[in-house]
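Enquirer: Can you keep this structure in mind? I'll have questions shortly.
What follows is calculated from the coordinates using simple rules that are stated; it is not laboratory data. Only a predicted model underlies this, so the values are computations on that prediction, with no experimental measurement involved. Neighbour counts are summed over all protein chains in view; Cβ atoms, including those assigned to glycine, are modelled from backbone coordinates with ideal geometry.
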């Protein structure tokens, strides 16, 4: 795989991720493919802001802070508009064991002209790879900025529905999406991060925002269905 001289900006949106954010940032700094890292503090109330400030002397890091929580979609939209890279690499802030060698795996299909978007899924075992139903909404993904920039307004108001909006838009345009498996990467589920009551509320919020994003962008869903039927006929 070769970079084909594309510039790469990594975007990390963090909300109360003081425990895992340092490892993610260290791996991205070590990745020679990444020229710019935009890290967004989405109104955290823990030590996330202090963690970010500890990296302020790194010339590749740009820090953005919101005074209160605006939601994942809003934070990602801000990162997209501020990024200078031709390729955008989205990385979740709550990953365990994120390593620099995952970066070229995510970028490779774009470099080689084999895909318009690459989605990487944390995979601890073969069961994850074969039957995980949530692979399409994984946060680790690489895209060309020119493809997602027109979606910024939709993304900004989507909350947890941001990956769904991006997926629908790409499918509606018949863009090429490739999935890769990031062996050894762990992404804790909400029940592992929060008390049960808080996790259930967060799951409901995520379900609601994804559903709302689909309903607000029903024309994209219509185009996706039309494309699928067109391939079947």
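Enquirer: Pairs of Cα atoms under 8 Å, at least six residues apart: use those to get the relative contact order of the range 8-232, whole percent.
Expert: On the way: 407 pairs, mean separation 47.9, N = 225.
This gives 21 percent for the range 8-232.
Enquirer: As a test of the formula, what do you get for the chain when each DSSP H run with n ≥ 4 contributes -39,500 (n - 2.57) and the sum is divided by the residue count, at 222 nm and rounded to the nearest 500 deg cm²/dmol?
Expert: Mean residue ellipticity, 222 nm, calculated: -12500 deg cm²/dmol.
Enquirer: Starting with the fewest neighbours, write out 81, 20 ranked by other beta-carbon atoms found within 10 Å of each beta-carbon.
Expert: Taking fewest neighbouring Cβ atoms as first place, the list is 81, 20.
Enquirer: Quick one: compute the contact order of the range 96-220, relative version, from alpha carbon pairs under 8 angstrom and 6+ residues apart, as a percent.
Expert: Computed over the range 96-220, the figure is 34 percent.
Enquirer: Further question: If each of residue 206 and residue 176 carries a label point 7 Å out from its Cα toward its Cβ, how far apart are those two points in nm?
Expert: With each label point 7 Å from Cα toward Cβ, the separation is 3.1 nm.
Enquirer: Which of these values of Cα extents along the principal axes in Å was calculated from the structure shown: [x] 57, 46, 37; [y] 85, 34, 28; [z] 49, 43, 32?
Expert: Calculated Cα extents along the principal axes in Å: the matching label is [x].
Enquirer: Among 79, 161, 43, which one shows the highest mean-square fluctuation when the chain is modelled as a Gaussian network with alpha-carbon springs under 10 Å?
Expert: Maximum fluctuation in the GNM of the chain, among the listed residues, is at 43.
Enquirer: Counting other beta carbons within 10 Å of each Cβ, put 102, 203 in order, fewest first.
Expert: 203, 102
Enquirer: What's the exposure ranking of 60, 13, going from fewest to most Cβ atoms within 10 Å?
Expert: Ordered from fewest to most neighbouring Cβ atoms within 10 Å, 60, 13 come out as 60, 13.
Enquirer: Can you tell me what share of the DSSP beta bridges in the range 8-232 is antiparallel? A percent to the nearest 5 is fine.
Expert: Working: 9 of 32 bridges.
So the antiparallel bridges in the range 8-232 amount to around 30 percent.
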